[in-house]
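Undergrad: What follows is a single structure, and I will ask about it in a moment.
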Amino acid sequence: MKKIFMMLLVSTCLTTASYAQVKVEEPEFAEETLLLTSNTQGVKLSRENGTVKTKAGASLYLTGIGKVKSRLTLQGTKSTSQVKGSTETRLIVKAINNETDPNSFINIFKFEIKGKERRYQLAEAGTLSKTETNNLSSVDYKAKKYGKSSYLLVLEGLTPGEYGIVIGDPNHENTKNSMKVTTFTVE
């Protein structure tokens, strides 16, 4: 019992240390994201325009039975924003305010590279199977309020690859921003 308590205490202290030492100014505008390079510096991540593509399998056309997949795609196989792999990656994401649980509107995911594009499967529906949405390769993170209207996100153990962040507005639907994707590469 003492051993479990000590492990929880150490884990809590390390996580708290990740948040407590950061002294970086919030991004200027809502939906901008900074990647922390130290406790006092961060770099703004690039935002790209995404496209949603929907494709049906050949069997759906031939037999009427099959699947339809919707994917968010970005041109190119790499982001212009790069980060060295480490045990934790820290981001500051500015929102309209920081009163809402960020897990309800900030989605972080790993892209699959196919040909000359990065893609992330948004949904899959089949004629003989259930519909699945937005549950493929999502990245978990820990979050704390930061500054007046931002969140400090801590992502642990990211594997090398291409990542995307989609930030929704929890208070207003904005279809223009749903195709804006903040991207970064973990080397």
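Undergrad: Contact list please: Cβ distance under 7 Å, first residue in region 77-98 and under 22 Å from E187 (Cβ atoms), second residue open to solvent by 50 Å² or more (accessible area, probe 1.4 Å) and among the hydroxyl-bearing types (S, T, Y), pairs at least six apart or on different chains.
TA: none
Undergrad: Of all the strands (runs of 3 or more DSSP E) wholly in region 117-187, which have at least 2 residues that are under 11 Å from the mean Cα position of the chain (by Cα) and at pLDDT 80 or above? Walk me through it before giving the result.
TA: Values: elements: 117-126, 142-146, 150-156, 161-167, 180-186.
In region 117-187, 150-156, 161-167, 180-186 are the strands (runs of 3 or more DSSP E) which contain 2 or more residues that are under 11 Å from the mean Cα position of the chain (by Cα) and at pLDDT 80 or above.
Undergrad: Contact list please: Cβ distance under 9 Å, first residue in region 104-121 and farther than 13 Å from V52 by Cβ, second residue open to solvent by 60 Å² or more (accessible area, probe 1.4 Å) and assigned to a strand (DSSP E or B), pairs at least six apart or on different chains.
TA: Cβ pairs passing all conditions: N107/S138; I108/S138; F109/S138; K110/S138; K116/Q75; R118/Q75; R118/E112.
The values are calculated or read from the model by the stated rules, or taken from the named source; none is laboratory data. Computed from a predicted structure; not experimentally measured. Cβ: placed from backbone, ideal geometry, glycine included. Neighbour counts: every protein chain shown. For accessibility, only protein heavy atoms count, side chains too; no ligands or nucleic acids. Shrake-Rupley method; radii C 1.70, N 1.55, O 1.52, S 1.80 Å.
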